[in-house]
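Q: Okay, handing you the structure first.
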Amino acid sequence: MERQNEQQAFIDAEGLEAIRRSVDWALACAALGIAFDERKSKPNDWWAHSPFSEDRTPSFHVQFEKGVWYCFSTRTGGGILELVQKVRELNCYDAARWLIDEGCCPEPGAGVDLVEQAVPAVSDAVQGVLENAPIRQSLVPQLSGQGEHEIFRRRGISAATCFDLGCGFLGTSKSRLMKRIVFQVRGIMENLDGVKAVILSHIGRATTSDQEETDGKWLFYAGFRKSSELYNIDLLLLDDSARAQVSETGRVIIVEGPFDVAKLWEAGIKNVVGAFGSALSPDVLPRLEMIGRHLPAQEYVVWFDRDQAGAKGQSDANALLREAGHRTATFDWEQRFGRNNQLSIPKAVADPCDMSVEQLRWLRAKNII
C-alpha cells in the first residue's frame, strides 16, 4: 500500500498509543507468521513457538487483555509495536505504519472509533491455527545441491524438478530443518484479482537415523496444520501444463507425500497433489472446493502407498470424497497388465516414488493414472 503523502505517513506519540489500543492482535500475529499452539492456548492467553529462537516447546506468550507478549526463550517482551519492531527490524514509527498497511489496525484519526477489540476464541482468531497463515521467510535460497543429494539421485528426481517444487538439501542454517531434505509448502490465496501462491511452511525429511530418532522422519514447522493442506496445490492451479493435464484427463491424482509428487512431476505428470501422509482429513475439503472453482476436475484418483496404512487411508479417502460429492477412483496395486494379464507390479515397488519415470509414463499412456 503506497503512502499518499508525508502528512499521512507521520504518526505522533498519540497515534502510536491509538494503534496499541486498536490493533487486532490476531491479524497482526498472523501477518508476522506466528501460529499459536491450539492445545496450550486459551482465550485471552495464547502460546506459540518463539519467532526469535528455535524452542522445543511453545515459549512465546501473549496476554490479550493486557496487550503484552513475553518470550521466555529470549527473555524479551513488550507490546504490539515492540513485537513488530523486533520481528521486522523496524523503528516504532515504521512498525506502526506496517500494522496499518497490513490491515491490522485503522489509520489514527481516520474517523474510526479506537476501542479495544474483543478477543476471539483461539480456534477462530489466527488463520495459522486452522488454516495456516502465510509466512514470509523462504528457505529456498539456502537450499544447496538441488537434485544432487543422494536421496534425490536414488529416487531419480532431477534439479529441474527440485527447482519447480522448491526443494533441496538444507546445509548450514539456524533452522531446525538443518541437514534435512527440505520441501517448501505453498498454498493459494484467492482474491478479486484471482489466485496467487503464498508460502505456508517448510518441511524436512530426515537424512540420518539419528535425525529420525530424535525428531521423526518428517519435521514440520511448529503450528503448521498439515491436515488442512494439499502439497503442490499452487502449481496444480497456476502451472499451465498442470492445468492443461487436468483439462485433458479430467483428473487430479492424490498421493501421500512430497517425494511421490516430485517423482510424478519428474515423469511429466503434473496434475498431482500430496496429502502429507496416508490419511485425508475432512479439513482438506475446502482445498478441494478451491480446486473445483478453478479447474475442470471431474475425478480424484487416490494413489497411496502399498502397505496396510496406505490401503486403509486410500479406502477412507475415497469414502470421504464421495460423501462430499466428488467422483473418485483408486489405484490398484495388484492389477495385472499385458495381453494375457501376465504382467504385474513387483512387490518391491511400494509407493509411486519407487516407480521409474518410464513406468509412470506408461501408466499415463494407458490412462491408468
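The values are calculated or read from the model by the stated rules, or taken from the named source; none is laboratory data. Please read these numbers as outputs of a predicted model, since none were measured by experiment. Cβ: placed from backbone, ideal geometry, glycine included. Neighbour counts: every protein chain shown.
Q: Ala297: assigned by TED's automatic domain parsing to the domain that holds Thr249, part of a loop (DSSP other than H, G, I, E, B) and under 22 Å from Phe152 (Cα atoms), yes or no?
A: no
Q: Here is a list: Glu213, Glu229. Which entry is within 18 Å of the chain's Cα centre (by Cα) and closer than 30 Å to Glu38 by Cα?
A: Matching residue, one of Glu213, Glu229: Glu229.
Q: Here's another thing I want to ask about it. When segment 175-224 is examined, which residues are found to be within 20 Å of Arg287 (Cβ to Cβ) and either among the hydroxyl-bearing types (Ser, Thr, Tyr) or in a helix (DSSP H, G or I) (or both)?
A: Across segment 175-224, the qualifying residues are Ser201, Tyr221.
Q: Right, something else. Across segment 86-110, which residue is farthest from the chain's Cα centre (by Cα) among those that are over 21 Å from Ser50 (Cα atoms) and part of a loop (DSSP other than H, G, I, E, B)?
A: Checking each candidate, the answer is Gly109.
Q: Ok, one more. So, Val261, is that one out of contact with any strand residue (DSSP E or B) (no Cβ under 9 Å at 6 or more places or on another chain), in a helix (DSSP H, G or I) and either aliphatic (A, V, I, L, M) or more than 18 Å from Leu363 (Cα to Cα) (or both) or not?
A: no
Q: Considering only residues that are among the small types (Gly, Ala, Ser) and at pLDDT below 80, which ones fall in segment 126-141?
A: Answer for segment 126-141, where residues must be among the small types (Gly, Ala, Ser) and at pLDDT below 80: just Gly128.
Q: I would also like to ask the following. Within segment 23-46, can one find any residue that is modelled with pLDDT of 85 or more and of a type in the set (D, E, K, R)?
A: No: segment 23-46 contains no residue that is modelled with pLDDT of 85 or more and of a type in the set (D, E, K, R).
Q: Still on this model: In this structure, does Ala348 turn out to be part of a strand (DSSP E or B) and either more than 23 Å from Lys226 (Cβ to Cβ) or touching a residue at least 40 places away in the same chain (Cβ under 8 Å) (or both)?
A: So Ala348 does not fit the description; no.
Q: Answer yes if at least one residue in segment 47-63 is within 18 Å of Arg136 (Cβ to Cβ) and of a type in the set (A, V, I, L, M), and no otherwise.
A: Among the residues of segment 47-63, at least one is within 18 Å of Arg136 (Cβ to Cβ) and of a type in the set (A, V, I, L, M), which makes the answer yes.
Q: Follow-up. Glu190 versus (1) under 20 Å from the mean Cα position of the chain (by Cα); (2) within 29 Å of Thr172 (Cα to Cα): which is the lone unmet condition?
A: The failed condition is (2).
Q: Would you call Glu148 modelled with pLDDT under 80, of a type outside the set (Val, Ile, Thr), over 22 Å from Ala28 (Cα atoms) and part of a loop (DSSP other than H, G, I, E, B)?
A: yes
Q: Let me ask something else about it. If you take the residues in segment 165-174 that are buried (at least 17 other Cβ atoms within 10 Å of the Cβ) and in contact (Cβ under 8 Å) with a residue 40 or more places away in the chain, which one is farthest from Gly216 (Cα to Cα)?
A: Leu165
Q: Let me ask something else. Taking segment 52-68, which residues are under 26 Å from the mean Cα position of the chain (by Cα) and either of a type in the set (A, V, I, L, M, F, W, C) or not in a loop (DSSP other than H, G, I, E, B) (or both)?
A: Hits for segment 52-68 are Phe52, Phe60, His61, Val62.
Q: Right, another one. Kindly check whether there is at least one residue in segment 268-291 that is at negative phi and aromatic (Phe, Trp, Tyr).
A: No, every residue in segment 268-291 fails to be at negative phi and aromatic (Phe, Trp, Tyr).
Q: Residue check, Lys270 against (1) among the basic types (Lys, Arg); (2) buried (at least 19 other Cβ atoms within 10 Å of the Cβ); (3) in contact with a strand residue (DSSP E or B) (Cβ under 9 Å, 6 or more places away or on another chain), all met but one. Which one?
A: (3)
Q: Looking at Glu358, Glu334, which is the one that is loosely packed, with under 13 Cβ neighbours inside 10 Å, at pLDDT below 95 and over 25 Å from the mean Cα position of the chain (by Cα)?
A: Testing whether each residue is loosely packed, with under 13 Cβ neighbours inside 10 Å, at pLDDT below 95 and over 25 Å from the mean Cα position of the chain (by Cα) leaves just Glu334.
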